[in-house]
Structure formats: C-alpha cells, structure tokens
Amino acid sequence: SGGCRAPRRFVDWPTFFDFGDGAVRPNKKIDTTLSTALFKLPGSVVPNPDPKANPSSLAQRNLLRHLTFSLPSGQKVAKAMGLTPLSKTDLAQLKPFGFDDRTPLWFYILREAAVAEDGERLGPVGGRIVTEVFLGLIEGDRSSYLAQEPEWQPSLPTIDPSRQGDDFTMIDMLRFAGVA
C-alpha cells in the first residue's frame, strides 16, 4: 500500500482505449489461435506427481477445467442467455472432433469474438459473462458505491468538448483519475 509501483506493474491504457492522440496501440485481435508461449506454461502452484494432471498447455488446462467443473457448452450458455448460438458453419473446424454443436465454453467465447466482433472485442456471450462477474463483485461488496448509494448516477462532465451532453466514458474516467 502506497509507495512507487513496480516498473513492470502498470496498465498501458492506450493498448485498450483510443485517447485521440494517435498513441493507440491495439492488441492482437481475439481469435482461437494461441500464442506459442501459451503451450509452455509454468507448472501448477500445487504440483501433481502425475505429469498428465499438470498439462503445460493453456488449451489442455482449459479443456480439463471444462470437464472437471462440468461447464456447459458455449451453445447451451448462449441459449440460456436468450441469444442465437454460433452456427455449425462458424464452428466447422471443430466438426472432426464432435465439438461443432457442443463447443467448450472457453473456445466458444474466443470464436464468438472472432465471428461476431471481428476479434475487436468479446461477443455477446463472452461480454455478458465478464460484465456479470464485475456486477456480481460490485453487488456483493457492502462497501461498493452500489450498496452505499443505490440511486447514485455518475455526473462528471465529459472531457471532450465535442461530446457535450454525451455519457461519461471510460476514457473520461481514466483522464479524471489522472492515470491517462
């Protein structure tokens, strides 16, 4: 608490947001292709003597979690949310493995982002899951602004004069906080 931040522990905000200053550096698009580094992850914090129980590949770990926790397929989650699932055509590369109609959720979310949003952002299922996690954290925190002042509405002005009357954005918040 307090003091200087570690040199490698900071958020490079222009990687995530366009501040209009030409410094935006977007990350790679979201898709189902994994970086080579994600095939050689370090071992588990709690190592298991059975090497098969400690896969080094993120894909293997995610598939094991999918099975271990009996997660529903991406299609089932989409339907439960009242959304139209990705088509079998969108998931054709999985047909040989029998996953084109019961796609593991982590893969489905990556593919959905590529298909529905051209990889620029999460799609409807992935975006809603992330949003609901944040909302759940805020709702579960008795000291959050939502619990303390349920009727509170942000009232700070937008920093961009061309957007007067528009909603306060994440960029406005980051600038107001002095971190960007």
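A short reminder: the numbers here are calculations on the coordinates, not readings from a lab. Small disclaimer: the values here were computed from a predicted structure and weren't measured. Ideal geometry is used to build each Cβ from the backbone, glycine not excepted, and the neighbour counts take in all protein chains shown.
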Between 0 and 90°, nearest 10: helix 58-68 axis offset from the chain longest Cα axis: 80 degrees
Mean separation of Cα contacts under 8 Å, 6 or more apart, over the residue count of the range 32-121: relative contact order %: 25 percent
Given charges at Cβ of Lys, Arg, Asp, Glu: the chain dipole, positive-most of G123, F19, A177: G123
The chain - convex hull of alpha carbons, volume per residue in Å³: 218 Å³
Ranked S57, S35, S73, criterion: other C-beta atoms within 10 Å, fewest first: S35, S57, S73
Loop GluC sites (Glu not before Pro), the range 99-133, which have at most 13 other Cβ atoms in a 10 Å radius of their Cβ (DSSP): E120
Computed magnitude of the charge dipole of the chain (debye, nearest 20; Cβ of K, R +1, Cβ of D, E -1): 980 debye
Computed E for S144/T169 - FRET, C-beta separation, R0 22 angstrom, nearest 0.05: 0.60
Backbone HN-Hα couplings from phi across the range 169-175 [Karplus 6.51/-1.76/1.60, Hz, Gly and Pro as x]: 9, 4, 4, 4, 4, 5, 5
Where Cα atoms sit under 30 Å apart: lysine pairs in the range 14-127 separated by 8 or more or lying on different chains: 18
Dipole moment magnitude, nearest 20 debye, the range 32-121 about Cα centre, only Lys, Arg, Asp, Glu C-beta charged: 280 debye
FRET efficiency estimate (nearest 0.05) - Cβ-Cβ, S162 to K88, R0 30 angstrom: 0.10
